[in-house]
Amino acid sequence: MPAFDLVIRHARAVTASDIFDCDIAVKDGRIVQLGQSLPAGAREIDAAGRHVTPGGVDAHCHLDQPEPPPVRMADDFDTGTRSAACGGTTTVIPFALQHKGQSLRDAVADYHRRAEGKAHVDYAFHLIVSDPTPTVLAEELPALIREGYTSFKIYMTYDSLKLDDGQILDVLSVAREHGAMAMIHAENADCIEWLTRRLEAAGRTAPRYHGHARPMLVEREATHRAIALSELVDVPILIVHVSGQEAVEQIRWARAHGLNVFAETCPQYLFLSAEDLGIDDRFEGAKCVCSPPPRGKSNQRVIWQGLADGLFTVFSSDHAPYRFEGEDGKKAAGEDAAFRHIPNGIPGIETRMALLWSEGVMARRITPQKFVELTSTNPAKAYGLHPRKGSLAVGADADLVIWDEREFVLRNSQLHHNVDYTPYEGMHLTAWPGMTLARGEVVWDGREFTGRAGAGRFLHCGLPSLLPR
Ligand code: URP
Ligand code: ZN
Ligand code: ZN
């Protein structure tokens, strides 16, 4: 009887701190030994000296989030986690969204129903708090934190979701009291509305004007305000999808003043720019409508710098999948819909890891260890899943990626999401996961998806562990 269920031989293992050569032994879905010339396993995989990293933890993705009809998210927990697995992500943390007037508990129960029996990889939930009533603040939120929903997103924009400053202070106070992590979408809603109306009055409604309605200053102002609000309450925050220089400057200022402000960025701010929203009025630019919008190209260098020097804590996809064709996605309000009516968001759950390995590690902009920290270890720590997730160590779940370093041209037809385009069509990449294992089971073998709906389990999160407690 072999001692292990699986042994991965000749791995070049990468953690957030080290690179070392070893065999990796797995039993009952967990890593049980790292060493040289380990005894045989029931199954053996030869990594042949290739890099092996912890599976990705995508801590910002939207799956099957309820939308006002006819808009519909293209990916549910089945297609979304299938796509994640094929791109090397083995844990996802999407959002249970509270509608105004809805109890948080109802939102969580509804979201569990959406996930049940469908996920191919493990998943946890962030909450989206859009209606912080006295009951939500005093009862529901504290109880849900205790039950393992230890992070929540709050919005400073979008009419149906945004909180005012007083409400944000109330929610941050709950985060402080109970040790939860608050994620903040920082864009100034009133400025956006004012600019949008002026653009509409001037007939400037093509997708590219989405970027004009959300210039960097509206993100800078809201980032500054979010930092001030967190300082007032004396609680850490994590600012999500940071897009460029002016927001980065605010975060550097906060850090220099000793504030615990964490930050996330996403592939779209490294690989897309304002031009992708269109250089003319064609609707094609709708494919890249997301918020904050992709910025001028010089910002890409600023974001790379922030990834390399520790400004950014996590690198997430912000996968928000809408189809381009058809009546439930980008064209839901018509082929020539004004930018205000174009669903915000782009797909990226499958491409996140390979884009950063190719253009970050292979292009020598970041080290392999930094890659692991940003895509796996830090998100697991930020949201209370570490060390079970986000580490390649004895006792951790055997969530692993074996990397193939090879050149190819990315095509949407290779991807496994339910979206009819990728914003990265035609990009030349130099790496892709050659194999993904989720709790020791192969879910992507480099050619085929081999997972099983329902194999992914719900994870109750502990408290964040980015800071010493
Ligand atoms: O445009 C975006 N980012 N859509 C997803 C929702 C959000 O605010 O993250
Ligand atoms: Zn957001
Ligand atoms: Zn998002």
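The values are calculated or read from the model by the stated rules, or taken from the named source; none is laboratory data. Since this is a predicted model, take the numbers as computed values, not measurements. Ideal geometry is used to build each Cβ from the backbone, glycine not excepted, and the neighbour counts take in all protein chains shown. SASA here: full protein model, heavy atoms, side chains in, ligands and nucleic acids out. Shrake-Rupley method; radii C 1.70, N 1.55, O 1.52, S 1.80 Å.
Quickly estimate the mean residue ellipticity at 222 nm for the chain, helices only: each DSSP H run with n ≥ 4 gives -39500 (n - 2.57), and the total goes over all residues, rounded to 500.
The helix-only estimate for the chain comes to -7500 deg cm²/dmol at 222 nm.
Please compute P(r) over all alpha-carbon pairs of the chain, binned at 10 Å starting from zero, and give each bin as a whole-number percent.
4, 22, 32, 27, 12, 3, 0, 0
Round to the nearest 10 and give me the degree value, 0 to 90, for the angle of helix 245-256's Cα axis relative to the longest principal axis of the chain.
70 degrees
Let me know the number of lysine pairs in the stretch 56-374 closer than 26 Å at the Cα, not counting same-chain pairs under 8 apart.
18
Counting every Cα pair in the stretch 384-435, what percent are over 19 Å apart?
50 percent
Can you send over the carbon and sulfur percentage of the accessible area for the stretch 56-374, probe radius 1.4 Å, protein chains only?
Answer for the stretch 56-374: carbon and sulfur cover 47 percent of the accessible area.
Over the stretch 127-262, what is the relative contact order in percent, taking alpha-carbon pairs closer than 8 angstrom and at least six residues apart?
Rounded, it is 23 percent for the stretch 127-262.
Can you list the residues, at least 5 places off or on another chain, whose amide H is less than 5 Å from the amide H of residue 346, using H built in the peptide plane?
Here 320 satisfy the definition.
Using the Kirkwood formula over every pair of different C-alpha atoms, what hydrodynamic radius in Å results for the stretch 95-199?
One decimal place: 14.5 Å for the Kirkwood radius.
With a 1.4 Å probe and every protein chain left in place, work out the accessible area per residue of the chain in Å², rounded to a whole number.
37 Å²
Which of the peptides 216-226, 238-248 is most tightly packed, and how do the rest follow, going by the mean number of other Cβ atoms within 10 Å of each residue?
Those peptides, ordered most packed to least, come out 238-248, 216-226.
Would you work out which of 87, 127, 344 lies farthest towards the positive end of the dipole of the stretch 56-374, given +1 charges on the beta-carbon of Lys and Arg and -1 on that of Asp and Glu, about the Cα centre?
Checking the options against the dipole of the stretch 56-374, the answer is 87.
Out of the stretch 389-423, which trypsin sites (Lys or Arg not before Pro) are coil in DSSP terms and have no more than 13 other C-beta atoms within 10 Å?
Those that pass, being in a loop and sparsely packed, are 411.
How about the stretch 147-208: which GluC sites (Glu not before Pro) there lie in a loop by DSSP and see at most 15 other Cβ atoms within 10 Å?
147
Projecting each Cα onto the charge dipole of the chain (Lys/Arg +1, Asp/Glu -1 at the beta carbon, about the Cα centre), which of 293, 258, 69 comes out farthest on the positive side?
Ranked along the dipole, the leading option is 258.
Not counting ligands, DNA or RNA, and with a 1.4 Å probe, what is residue 100's accessible surface area in Å² rounded to the nearest 10?
Roll a 1.4 Å probe over it and residue 100 shows about 100 Å².
Can you pull the one-decimal nm distance between simple spin-label points at residue 469 and residue 341, each 7 Å off the Cα toward Cβ?
4.8 nm
Long-range amide H contacts for residue 465: which residues qualify at under 5 Å (H placed 1.01 Å from N, peptide plane, sequence gap of 5 or more or a different chain)?
382, 383, 384
Just how large is the dipole of the stretch 56-374 about the Cα centre, in debye to the nearest 20, putting +1 at every Lys and Arg Cβ and -1 at every Asp and Glu Cβ?
Computed charge dipole of the stretch 56-374: roughly 760 debye.
Have a look at 283, 415, 112 and report the one farthest towards the positive end of the charge dipole of the chain, computed about the Cα centre with Cβ charges (Lys/Arg +1, Asp/Glu -1).
The residue sitting most towards the positive pole is 415.
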